[in-house]
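Working notes for the structure below.
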Amino acid sequence: MIFKPIVIDTWSRKPYFDHYLNNVRCTYSMTANIDITKLLIELKNKGIKLYPALIHMITTVVNRHSEFRKCFDSEGRLGYWDSVSPSFTIFHDEDKTFSSIWTPYDEDFNEFYSRYLDDMEKYGKVKQFAPKTNEPPNTFPISSIPWVSFTGFNLNVYNEGTYLLPIFTMGKYFQQDEKILLPLSGQFHHAVCDGYHAGVLYNELQLRADICKKWLPND
């Protein structure tokens, strides 16, 4: 976990960063449907849970682009993490509450899935907001609303507006024609991430779903 500071005065994005952080502080949301038809078939055949597979897909793509890893560190410096890990919500059906758990990322899905299952075994039934302590600063949030297939989702965060990391929310997947589609909403800060970058992310997520046989474990 290494934080790499950015020299703002020599940064090519400085005019955009200054505008969308200081003049018109701006975040935006984008929701798109991911075709998970092939992914669901593979996961069912291999007995693998969907949620951690989607978390791994998102984190893999986020780690490939520094635009999604930029933030301010504890000293107020702008920079980016060399890698980030997911902090994700789990639902407690008994009392309809949720907890937030973080799992260290590994590019190898087998290793990440093993860590995920270990964390669920230890903390999955602990009804606290953050049952797994010592969350590192290089995490970003992922959550799921599996009860509704929304067409748009927007978070309204009332703070200084300087949270730069992306926030992802999944919806309920649904069938359309011969495809199974999953709505995925991402919230991005315009100071570090434009619509182009969000488009790249969604396109790469779709590619990850399409080539799932290459990164899921072999039979």
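Near Ile145, the amide H atoms lying under 5 Å from its own belong to Met170, Gly171; only residues 5 or more places off or on other chains count, and H is placed 1.01 Å from N. Sparsely packed loop sites in region 139-219 (the chymotrypsin sites (Phe, Trp or Tyr not before Pro) outside DSSP H, G, I, E and B with at most 10 other Cβ atoms within 10 Å) comprise Trp147, Tyr158. Computed from phi, the 3J(HN,Hα) profile of region 212-218 under the Karplus parametrisation 6.51, -1.76, 1.60 (θ = phi - 60°) reads 4, 4, 6, 10, 6, x, 6 Hz, with x in place of Gly and Pro. Per-residue Karplus couplings for region 192-200, computed as 6.51 cos²θ - 1.76 cosθ + 1.60 with θ equal to phi - 60°, are listed in order as 10, 8, 9, x, 4, 5, 5, x, 4 Hz, Gly and Pro entered as x.
Scaled against 2.2 N^0.38 Å for its residue count N, the alpha carbon radius of gyration of region 3-214 is 1.04. Simple point charges give the picture: +1 on the Cβ of Lys and Arg, -1 on the Cβ of Asp and Glu, and for the chain a dipole about the Cα centre of about 140 debye. Overall, the accessible surface of region 3-214 at a probe of 1.4 angstrom is composed of carbon and sulfur to the extent of 51 percent. Annotation note: trypsin sites (Lys or Arg not before Pro) in region 111-175 located in DSSP loop regions with a Cβ neighbour count of at most 11 within 10 Å are Lys127. Near the amide H of Ser83, within less than 5 Å, lie the amide hydrogens of Ile2, all on another chain or at least 5 residues away, with H placed in the peptide plane.
Backbone phi angles across region 179-184, fed through the Karplus curve with coefficients 6.51, -1.76 and 1.60 (θ = phi - 60°), yield HN-Hα couplings of 10, 10, 10, 10, x, 10 Hz in residue order; Gly and Pro are listed as x.
Under a cut-off of 16 Å between alpha-carbon atoms, report the lysines in cross-link reach of Lys172, not counting same-chain residues fewer than 8 places apart. Correct list for Lys172: Lys49.
Pairs from the table (Lys38/Lys213; Lys38/Lys179; Lys179/Lys214; Lys46/Lys214) lying more than 18 angstrom apart at Cα are Lys179/Lys214. Restricting to bridges with both residues inside the chain, how much of the DSSP beta-bridge set is antiparallel, in percent to the nearest 5? Here the antiparallel bridges make up roughly 80 percent for the chain. The residues of the chain have, on average, 53 Å² of accessible surface per residue, using a 1.4 Å probe with all protein chains present.
Here region 199-219 and region 24-45 have alpha carbon centers that stand 11 Å from each other. Loop-located GluC sites (Glu not before Pro) in region 1-79 (DSSP state other than H, G, I, E, B) with a sparse environment of at most 13 neighbouring Cβ atoms within 10 Å: Glu75.
Were the residues from Val126 through Asn159 laid out at 0.36 nm apart, the gain over their Cα-Cα distance would be 9.0 nm. Look at the alpha carbon pairs under 8 Å that are at least 6 residues apart: their mean separation over the length of the chain gives a relative contact order of 31 percent.
The values are calculated or read from the model by the stated rules, or taken from the named source; none is laboratory data. As the structure is a prediction and not an experimental result, all values here were calculated from the model. Cβ coordinates were reconstructed from backbone atoms using ideal geometry, including for glycine residues, and neighbour counts include every protein chain displayed. Quick note on the areas: whole protein, heavy atoms, side chains included, nothing else; ligands and nucleic acids left out. Shrake-Rupley method; radii C 1.70, N 1.55, O 1.52, S 1.80 Å.
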